[in-house]
């Protein structure tokens, strides 16, 4: 009890002798006893003050000790309660059963000594404090892991990027809050990108820490190396040395690829990792797995492993190639019957979802089908990334916007100019400007719950069709689950309700405004992560 | 008899001097308060409250080391629980007598 706080006790007994006895057995400063003569008074005091423990007499006039316990439990489900009774002496088995029906209730025979009572109280509180310490420890650990997960997200590339005519997007889902998967997308020169996807063995904290260290090591390596000298086997050898240095028992399957879109060539090396899926929408076919070099063993699996240039493979890419990189967590997803999704499904989904080319939502749509098909039992981290040339049809535009007020304002102005340039309609340009301003700011503030963040980015696609324009916005904000009402084919959620209420309160705009500008609004959510909102706007 | 109780309070609860005396007085008051209800409760056939009164006396007597009263109250509580009026009338006499002896001490 040294250095322990006083144990605050509410002692309820209709008999003043017993109240006095309890108070004298549990003296200050170790204990602070508040005596109470009946249940009604006890409830009032209990609601007003904080207690660590309650001592209740069972047999009291009016509300009994057991009835009082039920009332207390409505207020507090866990506070320990010690029931005092002489009735157990009477061999009432049913009473013992009732006492023990609550796991936080303890029994003390009404005939006790000071040391017996003190010892029971201390023992109960010892258990309670230990449980609380353990709970606090786990909460702290959970918070630390959540923070680590958030930090890891910042180590990943943006979920969709557009850089020099090349687009990259990825979906990742940690098995726990943190991931042992890693993905690197780095521009070596115009049209040339370094792609690394890795999967640290196992999952959980050790894998996540190793992943973070590896990611950091790769960044350092890239910084210190002449970009034109970077080769897949150099990177693997660097990682092998790094894994040996940190003496981890973990190893990593890895795919390192240098994709040169200038000459449609991919130079790669596989270290125990599965080959990418390379799909050509125009030919509707993938490069067969047999065309890929097998490569070597995972990085860090065997000490002294050297990765040789001779294991590097070269693949000629179709013009419209979409390169899908993924970790084996995807193939390991199981349905309720315990059946693996397998790789065949992924191949089928790749060709059916991306037949019109890679879009920001492609990976999320693929994952959405997995989940909707019942493949929901996840046993490992999942990463699915894709890279392709970004070829836009005429009158199509893509934008990647950070969810900050400043960037949104910049974009809104840009959108106004774009609409004006295409339609020469100042009123329409103004309307679209207002639509973007309303909608994107609401995604940032309400959907993502932040005002000046850099991520997760919002993607915007604008397409000028013959009779109307189509705007597609993808964001990773709140879920959608309610019908929008009059507007056809439209789904929405509380986000829109919030938007409606908030905006009507201040400006009378928001949802009404979006609806009045748009011919239709379609909303979908993919893989529980990505919202896709499509606005169709008539020119006149 | 009083000394026996004071000794018990000292040995079991570490209470001495005025602390023990206060608790002893509290015990006597509890006995008085409950025993004084006996006749009217029994006249009204109110066995619930009669049982409770006997139960309270029993509990206090246990913790006062007043073995004689403890046993007498225990028998009375059992009779009251069984709604046995005649037995209650018979068994409340020793309880009253023990109380009178204590008071006299």
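For the reader, a short list of remarks on this structure follows.
- Ellipticity at 222 nm from helices only: DSSP H runs of n ≥ 4 in chain B, each -39500 (n - 2.57), divided by the residue count, give -28000 deg cm²/dmol.
- Residue A:133 versus residue A:516: modelled label distance in nm, points set 7 Å from Cα along the beta carbon direction: 6.4
- Label-reachable residues, region A:370-385, where backbone N falls under 16 Å from a point 7 Å from residue A:334's Cα toward its Cβ: A:374-381
- Pairwise label distance in nanometres, residue A:241 with residue B:40, each label 7 Å out on the Cα-Cβ vector: 9.8
- Scattering profile of the protein assembly as shown at q = 0.05, 0.09, 0.10, 0.11 Å⁻¹ [log10 I(q)/I(0), Debye over alpha-carbon scatterers]: -0.46, -0.81, -0.90, -1.01
- Counting neighbouring beta carbons within 10 Å and listing from fewest to most, the residues A:310, A:219 come out as A:310, A:219.
- Measuring between their Cα centroids, region A:46-78 and region A:388-440 lie 63 Å from each other.
- Global geometry of region A:156-389, whether rounded, prolate or oblate, following the gyration tensor of its Cα atoms and the 1.5 cut on a/c: oblate
- By the count of other C-beta atoms within 10 Å, a proxy for reagent exposure, A:268, A:175, A:107 are ordered fewest to most as A:107, A:175, A:268.
- Residue order, fewest to most beta carbons within 10 Å, for B:31, B:41: B:41, B:31
- With R₀ fixed at 45 Å, the C-beta to C-beta distance from residue B:16 to residue A:107 puts the FRET efficiency at about 0.95.
- Bridge type composition, the protein assembly as shown - antiparallel percent by DSSP, nearest 5: 80
- Helical mean residue ellipticity (222 nm; -39500 (n - 2.57) per DSSP H run of 4+; nearest 500) of chain A: -11500 deg cm²/dmol
- Over the C-alpha trace of region A:414-453, radius of gyration and Dmax come out as 12.3, 36 angstrom.
- Whole-angstrom gap from region A:299-326 to region B:41-89, using each part's C-alpha centre: 90
- Separation of alpha-carbon centers, region A:244-272 and region A:167-233, rounded to whole Å: 9
- Dimensionless Rg ratio for region A:1-55, taking C-alpha atoms and the 2.2 N^0.38 Å reference: 1.11
- Sequence-separation-based contact order of region A:156-389, relative, with Cα cut under 8 Å and 6+ spacing, percent: 24
- With a simple spin-label model that places each label point 7 Å from the Cα along the Cα-to-Cβ direction, the separation between residue A:454 and residue A:290 comes to 4.7 nm.
Read the figures in this text as sums done on the coordinates, not as results from a lab. None of these values were measured; they are calculated from a predicted model. Positions of Cβ are generated from backbone atoms using ideal geometry, with glycine treated the same way; all protein chains shown enter the neighbour counts.
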